[in-house]
Amino acid sequence: MDEVLVADDVRKEYDDTVAVDGVSLSVGTGEVFGLIGPNGAGKTTLVRALTGTTRAEGTIRVFGGDPEDADEQRVSLLPQSFSPPARLTARELVAYYGGLYDDSRDPDAVLADVGLSDAADTWYENLSGGQQRRVCVGVSLVNDPDVLFLDEPTTGIDPAGRRSLWSLIEGLAAGGTTVFLTSHSMAEVERLSDRVGLLADGKLVAVGTPDSLVAEYGGESRLVVRPERSPESAAEALSDASRGFDLIVDGDELLFRNVAPTDIGPAVDALESAGIEYDALTWKQPDLEDVYLHLTGDEFGVSERPTTTAVADAADGANDADDTDTDTDTDTDTLGAGAPAGSGGDR
């Protein structure tokens with residue numbers, strides 16, 4: 001796989017603050033690289049360095065050369081915060097930004113890609129927030145880039161629209177477009193990314209495929225029971241009927257640790273044998289969010305965050321629940337869309 005983006009020991013300081021601290025990475029042709037990390041971790045500064053909109057120490061190469069010299073026709077950036085002229089229609093906006101390039105795509109084809117054909121003649125200011133974000137995604141695609149930087153691309157978009165854009169991004173990557181994705185939606189990053197890097201305090205603390213990161217840092221699967229009696233009393237009653245399960249008390253819940261889906265039925269049998277009635281029973285498989293929380297130092301108990309997989313009938317097995325995205329981010333960016341331009345706040 002040819003390397004499209006290369007960073008070697010990249011470092012950027014603002015006065016006494018080290019925003020990026022010795023980051024090295026490479027991204028190949030057609031690869032989706034997801035960058036995650038807390039607010040203030042240095043993600044935006046790193047993207048600026050990779051797009052040549054800020055100078056940094058170390059070595060950065062885009063298509064084998066200096067990022068400032070990269071052909072703007074081949075590079076595009078969708079910032080997190082982007083405010084195009086409000087009194088232009090969706091079609092006019094895509095055409096306007098397409099005019100920045102020698103060879104741009106047909107605006108109607110772009111709007112079809114992002115699901116806005118029916119709103120092509122609607123002023124931007126009259127579009128819903130999700131529709132506005134789709135227009136911004138369309139603007140970033142108007143030059144048919146070879147490398148695409150996407151910062152929180154699906155913010156404000158409804159679940160159906162989000163999945164549609166995920167499919168679009170997957171199609172772009174399959175066609176050879178290199179995608180550098182930053183997002184606070186772990187479901188988005190886990191779905192789209194071939195590899196993920198976690199940035200914390202300016203350092204790249206882990207890089208790998210989503211599966212490998214979950215296996216190494218995600219922790220254990222677990223079955224969570226909210227008993228009607230006190231969890232301590234329930235745990236004591238289960239001591240003889242637990243059938244070897246690793247049990248702990250977590251707040252007002254009982255936690256069966258290291259529980260595979262095939263263990264759910266026996267766990268329910270153990271609860272029934274001990275005469276324990278319960279209000280809720282959920283099974284949680286480790287995911288990228290667990291990795292994020294572990295590597296950023298924010299350890300948690302099961303009761304501190306919602307589970308992502310619910311058990312509707314534990315005796316018969318686990319049913320997958322719809323994933324929801326509740327990530328919010330109030331920080332803003334003012335990087336330009338289309339060809340990299342401008343500046344913005346770091347996250």
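The values are calculated or read from the model by the stated rules, or taken from the named source; none is laboratory data. As the structure is a computational prediction, the values presented were derived from the model and not from experiment. Cβ placement follows ideal geometry from the backbone for every residue including glycine, while neighbour counts extend to all protein chains displayed.
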(request) Please name all residue pairs, on different chains or six or more residues apart, with Cβ atoms under 9 Å, provided the first residue is in region 83-103 and is within 17 Å of Q131 (Cβ to Cβ) and in the same structural domain as V139 (by TED's automatic domain parsing) and the second residue is at pLDDT below 95 and outside any loop (DSSP other than H, G, I, E, B). (result) Y97/G338
(request) Go through (1) crowded, with 16+ Cβ neighbours inside 10 Å; (2) at pLDDT 95 or above; (3) not basic (K, R) one by one and return the number of the condition T44 breaks. (result) (2)
(request) Would you please name the residue that is modelled with the lowest pLDDT, looking only at residues in region 172-224 that are more than 11 Å from the chain's Cα centre (by Cα), on the phi < 0 side of the Ramachandran plot and of a type in the set (D, E, K, R)? (result) E220
(message) I need the strands (runs of 3 or more DSSP E) fully contained in region 1-78, keeping only those with at least 1 residues that are among the small types (G, A, S), closer than 28 Å to L293 by Cα and touching a strand residue (DSSP E or B) at 6+ places or on another chain (Cβ under 6 Å).
(response) 3-14, 17-28, 32-36
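Being in contact with a strand residue (DSSP E or B) (Cβ under 8 Å, 6 or more places away or on another chain) and crowded, with 17+ Cβ neighbours inside 10 Å narrows it down to one residue among V135, V110, V114, V139; which is it?
Values: V135 fails: in contact with a strand residue (DSSP E or B) (Cβ under 8 Å, 6 or more places away or on another chain); V110 fails: in contact with a strand residue (DSSP E or B) (Cβ under 8 Å, 6 or more places away or on another chain); V114 fails: in contact with a strand residue (DSSP E or B) (Cβ under 8 Å, 6 or more places away or on another chain).
Exactly one residue qualifies, and that residue is V139.
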(request) Kindly indicate whether L93 is assigned to a helix (DSSP H, G or I) and either out of contact with any Phe, Trp or Tyr (no Cβ under 6 Å at 6 or more places or on another chain) or surrounded by 24 or more Cβ atoms within 10 Å (Cβ to Cβ) (or both). (result) yes
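Mind listing whichever residues of region 109-124 are among the aliphatic types (A, V, I, L, M), more than 17 Å from T154 (Cα to Cα) and assigned to a helix (DSSP H, G or I)? Break it down stepwise before answering.
Looking only at region 109-124, we keep the residues that are among the aliphatic types (A, V, I, L, M), and these are 109-112, 114, 116, 119-120.
After this cut, where a residue has to be more than 17 Å from T154 (Cα to Cα) as well, the list is 109, 119-120.
Of everything in region 109-124, those that are among the aliphatic types (A, V, I, L, M), more than 17 Å from T154 (Cα to Cα) and assigned to a helix (DSSP H, G or I) turn out to be A109, A119.
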(message) Let me confirm something: among G176, G171, G130, which residue is assigned to a helix (DSSP H, G or I) and within 26 Å of A70 (Cβ to Cβ)?
(response) G171
(request) Provide a single number: the residues in region 160-176 that are buried (at least 16 other Cβ atoms within 10 Å of the Cβ), touching a Gly at 6+ places or on another chain (Cβ under 7 Å) and closer than 18 Å to D146 by Cα. (result) 1
(message) Report every pair of residues separated by at least 6 positions or lying on different chains whose Cβ atoms are under 6 Å apart, first residue within region 146-171 and at positive phi and in contact (Cβ under 8 Å) with a residue 60 or more places away in the chain, second surrounded by fewer than 18 Cβ atoms within 10 Å (Cβ to Cβ) and among the hydrophobic types (A, V, I, L, M, F, W, C).
(response) none
